[in-house]
Every structure is written in C-alpha cells, then in structure tokens.
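The next block holds one structure in the form of structure tokens; read it before the comments.
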Amino acid sequence: MALQMPNSLKPETPDVTLRRDDRGPFLTPVGRVRMSNAADAKPQPASMPQRLAVDVRNVSLTFETSDGKVDALSNVSLEVAEGEFVSFIGPSGCGKTTMLRVVADLQQPTSGTLLVNGVSAEQARLERGYGYVFQAPALFPWRTIENNIKLPLEVMGFSDSEQRERAARYLALVNLTGFERKFPWQLSGGMQQRVSIARALSFDPALLLMDEPFGALDEIVRDHLNEQLLQLWDKTGKTVLFVTHSIPEAVFLSTRIVVMSPRPGRIIDIIDCDFPRDRSLETRETPEFLKIAQRVRTGLRAGHSYDE
C-alpha cells in the first residue's frame, strides 16, 4: 500500500530542501525523484541536522568601570557546528577575547543567550566541556612537562595510571614525546605552546578555545605550528574557536572567519573557507586564498565606519 503523507506535513513548495550556511537556512531547488514502483516508496531515514557546539543569540556585554560603562559586545549572534574551526579577527579591543571568555563562562553577558555543547555556558564549564589555550603557555616552571599536562587531570581526580597514559598520548599528538622530564624553561616558545595545547586536550573536551596562541612567535615557528594545529584538528575532530590578529593565519586555519568591528564588538562578516582539511602552506599563494584574505581586509576596513 502506498504511503500517504498528511497534508499538515507536506512542504508548501514541494521541490525545495533546506540547507544551512553561515547566514542561516535558505531554499535550494532540487530535482524531482521518480519512483519505478511501489516498493521504492519505502520511507528513508531523515539525515540528522549537524549539532551546534556553540549557539550565541543576541549577546551583549557591558563592563562597569570607574570611568563609566564600556560596551564590549553588541548584539552578537553566531552558530558554530560541531567539528568547525572558526576564527575571530578584528582590531585590538574589539571583543574577540571577551567572546571567548563568555563562551568559557569566565564572563557573563549583560543580555542575550548562549549554549555550549547544548547546555548553558556555566554547565559546560562545570562539565569540563572545553579546553582553553591562552596567549602565553602559562606553564608552572617547577613542574616537568609531563606534570604540567597532568595538572588538570590531578584536579579532576583521574587515577595515576590514567594521568600517565593521557600525558603520553597527548605529548605524542603534539610531537613532543621524549620531553616528559624536561622543564618549561628548557623548551622553546613554540614547544611550550604545544605543551599548553596538549594540556588543554588532556581531559578530552569537545571544544577547544584558543586565544591568540601563536601571536608572540616568529613567522617561521608560527607557520610550522599552524600546519601542526591543522593536523591536530583533523586527528581529533574537535570544534575550535580561535582568536587571531593575522589575516593569513585566519584564512589558512579556518572553515569560517568571523570579522568583528571595533568596540563595541559586532560581527561585520562571516566568511566561508572551503579549502581541504589537508591544506598546505602553498595554499596561501592561490587566487582563492588571496580573494578570501581581501574580503577579510574589506570587512575590517568597513568595521571602522562605526567610529565615524
């Protein structure tokens, strides 16, 4: 017997399907599907919508200071799907780091709503739903590299054997096997930052928040770590929110780039980067790369019109 769909469930336009992009759902024509016989009319399982790692709705944040109010964020809305690598770029003081801190529940918005991994930012923090990599490695100089990585695991009550296993696993992931017994001062700046990344991943969070982790490094080291970070992202499948001041870095690393205006921070543009996950540094010389970089520059210049 042929299946009948209730009128209440039929789409108003039969030849369209919904597809998501950074602007939200829109309609895309699709061709008709012809069925050869009644047996072909079996119901097909619907594809599951991609889950959101971060869902920001109309978030604003105002600081109260001795000099008066400071509007850090203004009506920011953004959806980040699981597995994305999203970079925030904008001038100093535009609210990039503040946005990361709101996601991490280190600061609370004045208005708007925010979900992280499907729960409130506070609940995500309590559930250790994210790892945070700061601008400086923030390693304890009196602890070995292994013990620096084990620190959050100690706090969370992991067993000694599990701590050792995880430290070894994530040191290998950032290519630092053999440095377990070294101290931070015996490592270069780039190696220290890789230790910081390993520590943030040690308890296997779903979300990785990175606040300009390579900003203080020279260009050669930065390029190398950018390549390693892409490999790490590909291996782990983590969702990454990444703050940077570098246009080439943002374009090279990201699936999408969020361009922000000067304070109060607004989203000027959201730009797709459809490069393959195994992209190399040579990608930066392609016309497609340069075109996206130019769009980022245009967005940054447009953002300054708010000051006029």
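Which residue pairs have Cβ atoms under 6 Å apart, sit 6 or more places apart or on different chains, and have a first residue in the stretch 106-126 that is within 21 Å of Asp71 (Cα to Cα) and touching a residue at least 12 places away in the same chain (Cβ under 8 Å) and a second that is of a type in the set (A, V, I, L, M) and not in a strand (DSSP E or B)?
What qualifies is Pro109/Val102; Leu114/Ala121.
Going by the structure shown, is Phe252 more than 30 Å from Glu146 (Cβ to Cβ), modelled with pLDDT of 95 or more, in contact with a Ser or Thr (Cβ under 9 Å, 6 or more places away or on another chain) and not in a strand (DSSP E or B)?
So Phe252 passes the test.
Scan (1) at pLDDT 95 or above; (2) part of a strand (DSSP E or B) for the single condition Ile268 breaks and write down its number.
Every listed condition holds for Ile268 apart from (1).
Could you please find all residues in the stretch 227-244 being of a type outside the set (Lys, Arg), in contact (Cβ under 8 Å) with a residue 40 or more places away in the chain and out of contact with any strand residue (DSSP E or B) (no Cβ under 7 Å at 6 or more places or on another chain)? Please lay out each step first, then the result.
Step one: of the stretch 227-244, the residues of a type outside the set (Lys, Arg) are 227-234, 236-237, 239-244.
So of that shortlist, the ones also in contact (Cβ under 8 Å) with a residue 40 or more places away in the chain come out as 227-228, 230, 232-234, 236-237, 239-244.
Across the stretch 227-244, the qualifying residues are Glu227, Gln228, Leu230, Leu232, Asp234, Thr236, Gly237.
Checking Gln192 against (1) farther than 24 Å from Asn147 by Cβ; (2) modelled with pLDDT of 95 or more: exactly one of these is not met. Which one?
Of the numbered conditions (1) farther than 24 Å from Asn147 by Cβ; (2) modelled with pLDDT of 95 or more, the odd one out for Gln192 is (1).
So, in the stretch 168-224, exactly how many residues are of a type in the set (Val, Ile, Thr) and under 18 Å from the mean Cα position of the chain (by Cα)? Reasoning before the result, please.
Of all residues in the stretch 168-224, those of a type in the set (Val, Ile, Thr) come to 174, 177, 195, 197, 220-221.
Checking which are under 18 Å from the mean Cα position of the chain (by Cα) leaves us with 197.
Of the residues in the stretch 168-224, 1 are of a type in the set (Val, Ile, Thr) and under 18 Å from the mean Cα position of the chain (by Cα).
For Asn175, all conditions in the list (1) under 20 Å from Asp234 (Cβ atoms); (2) without any contact (Cβ under 8 Å) to a residue 12 or more places away in the chain; (3) not charged (D, E, K, R) hold save one; what is the number of the exception?
The single condition Asn175 does not satisfy is (2).
Across the stretch 48-71, what is the total count of residues that are outside any loop (DSSP other than H, G, I, E, B), out of contact with any helix residue (DSSP H, G or I) (no Cβ under 7 Å at 6 or more places or on another chain) and of a type in the set (A, V, I, L, M, F, W, C)?
Residues that pass the stated criteria total 5.
Could you pull out every one of the helices (runs of 4 or more DSSP H) wholly within the stretch 72-171 that has 3 or more residues that are buried (at least 19 other Cβ atoms within 10 Å of the Cβ) and in contact with a strand residue (DSSP E or B) (Cβ under 6 Å, 6 or more places away or on another chain)?
Here the list reads 96-103.
The values are calculated or read from the model by the stated rules, or taken from the named source; none is laboratory data. Here the structure is a predicted model, which means the values were calculated and not measured. Cβ coordinates were reconstructed from backbone atoms using ideal geometry, including for glycine residues, and neighbour counts include every protein chain displayed.
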